[in-house]
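The values are calculated or read from the model by the stated rules, or taken from the named source; none is laboratory data. Note that the structure is a prediction, hence the values are computed from the model and not measured. Cβ atoms come from the backbone with ideal geometry, glycine included; neighbour counts cover every protein chain shown.
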């Protein structure tokens, strides 16, 4: 698992926008369910998403083409980048055009060869749900569009037994305390953590990340680790007061947080390496 990637983090729709949006709570539910998707759920969503495929594409095009608020378009495009990274999808060549970014996963699924289109298509219901929640209208047409696009995710993932308090498993709160502590730590200390993390041998760090990925898959929740990475991004940006910030800073905080979230699921050497930059700064870990 690479621990780098463009885009904003968990709060990429913005606290103010979410607070004012009539479907803001659903967006938060979507966040939690993505972190806890199983391969079985992804497959089921993909199968449901194949129903009325041409109607769905028409609705996607209509909603995207009607987005007139530049802030909403930009923030939603940032989330698309995050999800593309989370699902391992190719990035669009042009990142500066939000509408092109929003269209890209659908274009990718249509243009992919039959041998490679399966995964591209099976994850589209996640993008559909995000598009429906954030941008579908509230008139009769918009409500019908919303219902069509939201259905595969809602039928597969709701009700969910997970909430934001346990989105990354039973040690979620310990992981989130790491991020809150980082936000309250002097920026210079956090930057030093980033420098320490950057000095770790790249192969050793990648091996540790691969171990985390394997543990996440074995746990049955293949996206938990990467979802926590993206929650770490805004915490790192807040901690050092810049956006975007150095990937090494994000990695240092994510390593400490994931060592807590995956407590008992990683070998001691991997956990120690992941948390090493944090410990070098003399900061305590909750666990």
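Can you pull out every residue in region 216-251 that is assigned to a helix (DSSP H, G or I) and more than 19 Å from residue 85 (Cβ to Cβ)? Answer for region 216-251, where residues must be assigned to a helix (DSSP H, G or I) and more than 19 Å from residue 85 (Cβ to Cβ): 218, 219, 238, 239, 240.
The condition of being in the same structural domain as residue 150 (by TED's automatic domain parsing), on the phi < 0 side of the Ramachandran plot and at pLDDT below 95 holds for residue 82. Looking at 131, 148, 108, 176, just one residue is surrounded by 13 or more Cβ atoms within 10 Å (Cβ to Cβ) and assigned by TED's automatic domain parsing to the domain that holds residue 229, and that residue is 176.
Scanning for something surrounded by 14 or more Cβ atoms within 10 Å (Cβ to Cβ), in contact with a helix residue (DSSP H, G or I) (Cβ under 7 Å, 6 or more places away or on another chain) and free of Cβ contacts under 8 Å to residues at least 60 places away in the same chain, does region 61-73 turn up at least one residue? Yes, there is a match, as at least one residue in region 61-73 is surrounded by 14 or more Cβ atoms within 10 Å (Cβ to Cβ), in contact with a helix residue (DSSP H, G or I) (Cβ under 7 Å, 6 or more places away or on another chain) and free of Cβ contacts under 8 Å to residues at least 60 places away in the same chain. Report whether or not residue 96 is more than 17 Å from the chain's Cα centre (by Cα), in a helix (DSSP H, G or I) and farther than 19 Å from residue 41 by Cα. No.
Quick check: is even one residue across region 37-58 crowded, with 16+ Cβ neighbours inside 10 Å and in a loop (DSSP other than H, G, I, E, B)? Among the residues of region 37-58, at least one is crowded, with 16+ Cβ neighbours inside 10 Å and in a loop (DSSP other than H, G, I, E, B), which makes the answer yes.
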